[in-house]
Amino acid sequence: MSPKTLYDKIWDAHVADESADGTCLLYIDRHLVHEVTSPQAFEGLRMSGRSVRAPDKTIAVPDHNVPTTLDRANAETMTEDSRIQVEALDTNAKEFGIHYYPVSDVRQGIVHIVGPEQGWTLPGMTVVCGDSHTATHGAFGALAHGIGTSEVEHVLATQTLIQKKSKNFKVEITGKLNPGVTAKDITMHIIGETGTAGGTGYVIEYCGEAIRDLSMEGRMTVCNMAIEGGARAGLIAPDEKTFAYCKGRPNAPTGAEWDKAQAWWETLFSDGDAHWDLELTIKAEDIAPSVTWGTSPEDVLPITALVPAPESFKGGKVDAAARSIEYMGLTAGQKLTDIEIDTVFIGSCTNGRIEDLRAAAAILKGKKVKDGMRAMVVPGSGLVRAQAEEEGLADIFKDAGFEWRMAGCSMCLAMNPDQLAEGERCASTSNRNFEGRQGYKGRTHLVSPGMAAAAAITGHLTDVRELM
Amino acid sequence: MEKFDKLSGIAAPMPLVNIDTDMIIPKVFLKTIKRSGLGVNLFDEMRFDREGNEIADFVLNKPAYREASVLVAGDNFGCGSSREHAPWAIADFGIRCVISTSFADIFYNNCFKNGILPIILPEDQRDALMKDAEKGANARIEVDLEAQTVTSSDGEVYAFEVDSFKKHCLMNGLDDIGLTMEKAAAIDTFEAQASADRPWV
């Protein structure tokens, strides 16, 4: 048998049909659904008289629109159009008989946090969702990627996707991370190296000692931002940590079925002599606590650096960098640590898991946020929230002056009431620093949870290592 | 889906790199449960000020480009989210073809589901078409999907590659769910075997 990558193995196990030109029908094991990108797909099913082919493999949860305030049970906290979208999901979930976690359920949260938490996401699966950050689930060695609404409808109706295979891209992080450097810094550093289009046409497999050393939470953070590097998906081979995370989850197999599953999962790794179309090796020790200065996730630098000059770039990036610096209200040559912050957001499918809250709380313990700072923590799910309360993290955040919120996408994309006002500047643990992403004319600096906590204390972008 | 075979139209130049889906259609317009009517919100934050007045120097607000049906764009067009609202807004505005050196994967696929042809050309050819587009309304670009060519206003012809299945669907305006459902037997067979091999799924 010819050697295969992990991606090759998962792909081959899911091809239901292949045409002469290489176009395949890829079978989908898990279809995650949220309220923003699904209403038109369900409506399409209704119009054409089609049903959901595999409701048992379809899981829905509202997350993008839902308010994160404690009083959110009162629907008046939602705008009319948000409420209509959430209600449409309620109705569609009932009508088509799919698994559903409504806002009132403690298990509700961001779809990419709920999926793994409930054991829906398992190694070797194909997972799709009408959301680009579906890449998150690749941390389990599942082939997971975002799709558009037409494809959501296609999966609902047929449980397959029409796909052509991507190329294989190996990203190896060798050695050990330095203190203060996290999974978020790894994934941002990689995008800084490849650019936001560097992964286009590829599925990335992350490997190497620094990746193996990460917890499942950290691996999810790394894979989450594969899409920001342009890749269709990010993958990490499953190992003992993966199995330990999955075991005992509500929808994970048990008994003999678990043994059978694990036996297969243990074959899911890239063969030593597998072919890679592209390879990148980064030394873990070269990765610093990182921050974005511009309006693309590729605009990333170590916190110790200076805002770059547009002329230091090439081609179309010269104008783009000038535009970013103007939008961000910065000056070339300015120290990144001199950038003053008025808002801190900790949460999102990138950094809204328990480990992220622990990392931020470790920096905040016994400290206060800077006067006038608006700081909020939005746990990725109701269960993360409950665990953080049990561990005493919630009290640390509240004592420090953070708002302790309910679960949802929150300020990562500002489709709900959590938004930046014009000109406000946020240190954010989310994934996109696009113009207007967190609110019209809002300014976003992407950072790790520890870095966000540090900025909340000092009032400016800060090297977290100084507060450790 | 609307068919695409040939197109002759005005091309608007948008040389900015990394034009993302939040620029194409800001999130406030994602709160719709319909696919239609998003053209008025296309590039909203670049096109209009907070009071809803047009920003005069934005390309699609210039008299020459108000009727544009082609965009010639900077690298990595459509990066960011999976929102199909982006191609819905582009198509609803009347743009049926986007030309760049590269597209984000999900956006690229979404275009084909909505009667939009995304064309990938090498940088020098895209740059030449960008210059052509900058000439304004008299510079009409011709796109021929069957022949897989783009012709500039001065008659320069550029060939492009496109996946044969995607081309077939676009040229015939095919509903790919219908096509896949014709293969239901293959899906049934696969599903039966997979649930025997991997019963935990």
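Give me the lysines in straight-line cross-link reach of B:K135: C-alpha distance below 18 Å, same-chain residues under 8 apart excluded.
Result set, ordered by chain and number: B:K62.
Principal axis extents for the protein assembly as shown, Cα atoms only, whole Å, descending order, please.
Cα extents, longest axis first: 70, 61, 54 Å.
Please list, in order along segment A:459-468, the HN-Hα scalar couplings obtained from phi with the Karplus expression 6.51 cos²θ - 1.76 cosθ + 1.60 (θ = phi - 60°), rounded to whole Hz, x for Gly and Pro.
x, 8, 4, 9, 6, 4, 5, 6, 10, 8
Restricting to Cα pairs below 8 Å that are 6+ residues apart, what does the relative contact order work out to for segment B:101-167? Please round to a whole percent. Show your work: numbers first, answer last.
Values: 58 pairs, mean separation 16.2, N = 67.
The normalised contact order for segment B:101-167 reaches 24 percent.
Assuming a viscosity of 1.306 mPa s and a temperature of 10 °C, what translational diffusion coefficient in µm² per second does Stokes-Einstein assign to segment A:1-128, Rh being the Kirkwood radius over Cα pairs? Working shown, then result.
Working: Rh = 16.5 Å.
In µm²/s, the coefficient rounds to 96.
So with the 1.4 Å probe, I'd like the accessible area per residue for segment B:57-175, rounded to whole Å². It would help to have the intermediate numbers written out before the result.
Values: 4260 Å² over 119 residues.
Per residue, segment B:57-175 has 36 Å² of solvent-accessible surface.
Considering Cα pairs under 8 angstrom that are at least six residues apart, work out the relative contact order of chain A and quote it in whole percent. Don't jump to the answer; show the numbers that get you there.
Values: 1135 pairs, mean separation 80.7, N = 468.
Relative contact order for chain A comes out at 17 percent.
Taking θ as phi - 60°, what are the ³J(HN,Hα) couplings along segment A:247-253 by the Karplus curve (6.51, -1.76, 1.60), each to the nearest whole Hz, with x for Gly and Pro?
Residue by residue, segment A:247-253 yields 4, x, 5, x, 10, 7, x Hz.
Specify whether the C-alpha gyration tensor of segment B:98-154 places it in the rounded, prolate or oblate class, a ≥ b ≥ c being the square roots of the eigenvalues: rounded for a/c under 1.5, otherwise prolate if a/b is larger than b/c and oblate if not. Walk me through the intermediate numbers first.
Details: a/c = 1.99, a/b = 1.58, b/c = 1.25.
In terms of gyration-tensor shape, prolate.
Given the -39500 (n - 2.57) contribution per DSSP H run of 4+ residues, what per-residue ellipticity at 222 nm results for the protein assembly as shown, rounded to the nearest 500 deg cm²/dmol?
On the way: 24 runs with 213 residues, N = 669.
The helix contribution divided over the protein assembly as shown gives -9000 deg cm²/dmol.
Using only protein heavy atoms and a 1.4 angstrom probe, determine the accessible area buried between A and B, summed over both sides, in Å² to the nearest 100.
Working: alone 17790 and 10880 Å², together 23240 Å².
That pair hides around 5400 Å² of surface in total.
Under 8 Å for C-alpha pairs, at least 6 residues apart: give me the relative contact order for segment B:33-98, rounded to a whole percent.
Details: 59 pairs, mean separation 32.0, N = 66.
Computed value for segment B:33-98: 49 percent relative contact order.
Towards the positive end of the charge dipole of chain A, with charges on Cβ (+1 Lys, Arg; -1 Asp, Glu), say which of A:L446, A:I10, A:A456 has the farthest Cα.
A:A456
Please compute the Cα-Cα pair-distance distribution of segment B:96-201 with 5 Å bins starting at 0, giving whole percents from short to long.
2, 10, 17, 17, 13, 11, 8, 6, 5, 4, 3, 2, 0
Counting only other chains, and only Cβ atoms inside 10 Å, what mean value do you get across the residues of A:18-25? Numbers along the way, then the final one.
Details: counts 1, 3, 1, 4, 3, 5, 0, 6.
Going residue by residue through A:18-25 and averaging, the value is 3.
Carbon and sulfur: what percent of chain A's accessible surface (1.4 Å probe)? Intermediate values should be presented prior to the final figure.
On the way: 7570 of 15190 Å².
Exposed carbon and sulfur together represent 50 percent of the surface.
Need one number: % antiparallel among DSSP beta bridges in segment A:269-403, to the nearest 5. The partial results should precede the final answer.
On the way: 4 of 9 bridges.
Bridges in segment A:269-403 that DSSP calls antiparallel: roughly 45 percent.
Mind checking which of A:G366, A:Y327, A:I339 is farthest towards the positive end of segment A:294-382's charge dipole, using Cβ charges of +1 (Lys, Arg) and -1 (Asp, Glu) about the Cα centre?
Of the options given, the answer is A:G366.
Which one, A:H275, A:P297, A:Y202, projects farthest toward the positive side of the charge dipole computed for chain A from Cβ point charges (K/R +1, D/E -1)?
Projecting each Cα onto the dipole axis, the largest value belongs to A:P297.
Averaged per residue, what accessible area in Å² does chain A show with a 1.4 Å probe, protein chains only?
With the other protein chains kept in place, chain A gives 32 Å² per residue.
Which of A:K4/B:K167; B:K6/B:K167; A:K167/A:K317 have a Cα-Cα distance over 20 Å? Please report the intermediate quantities before stating the final value.
Working: A:K4/B:K167 30 Å; B:K6/B:K167 12 Å; A:K167/A:K317 26 Å.
The pairs that break the limit, which is 20 Å between Cα atoms, are A:K4/B:K167; A:K167/A:K317.
Classify segment A:139-248 as rounded, prolate or oblate, taking a ≥ b ≥ c as the square roots of the eigenvalues of its Cα gyration tensor: rounded when a/c is under 1.5, otherwise prolate if a/b is larger than b/c and oblate if not.
Working: a/c = 2.30, a/b = 1.43, b/c = 1.61.
Oblate, because a/c is 1.5 or more while a/b does not exceed b/c.
Given H placed on each backbone N at 1.01 Å, which residues far from A:E172 in sequence or on other chains put an amide H within less than 5 Å of it?
Those lying under 5 Å, H to H, from A:E172 are A:C207, A:L280, A:T281, A:I282.
Assigning unit charges at the beta carbon (Lys, Arg +1; Asp, Glu -1) and nothing else, what dipole magnitude in debye, to the nearest 20, does the protein assembly as shown show about its Cα centre? Mind showing how you got there, number by number?
On the way: 66 positive and 97 negative charges, 159 e Å.
The calculated dipole for the protein assembly as shown is roughly 760 debye.
For segment B:166-190, which residues drop by 50 square angstrom or more in accessible area between the chain on its own and all protein chains together (1.4 Å probe)?
Buried by the other chains: B:I177, B:T180, B:M181, B:K183, B:I187, B:F190.
Between segment A:326-369 and segment A:1-45, what is the separation of their alpha carbon centroids in Å?
Measuring centre to centre over Cα atoms gives 37 Å.
Check which residues have an amide H placed less than 5 Å from A:E35's amide H, if you skip close sequence neighbours.
A:D63, A:H64
Determine the percent antiparallel among the DSSP beta bridges restricted to chain A, to the nearest 5.
Values: 13 of 53 bridges.
Counting DSSP beta bridges with both partners in chain A, the antiparallel share is about 25 percent.
Which distance in Å, rounded to a whole number, links the C-alpha centroids of segment B:56-83 and segment B:128-201?
Taking the Cα centre of segment B:128-201 as reference, the centre of segment B:56-83 is 21 Å away.
The values are calculated or read from the model by the stated rules, or taken from the named source; none is laboratory data. No experiment lies behind these values; they were computed from the predicted model shown. Using ideal geometry, Cβ is built from the backbone for each residue, glycine included, and neighbour counts are taken over all protein chains shown. Surface accessibility is based on the protein's heavy atoms, side chains included, excluding ligands, DNA and RNA. Shrake-Rupley method; radii C 1.70, N 1.55, O 1.52, S 1.80 Å.
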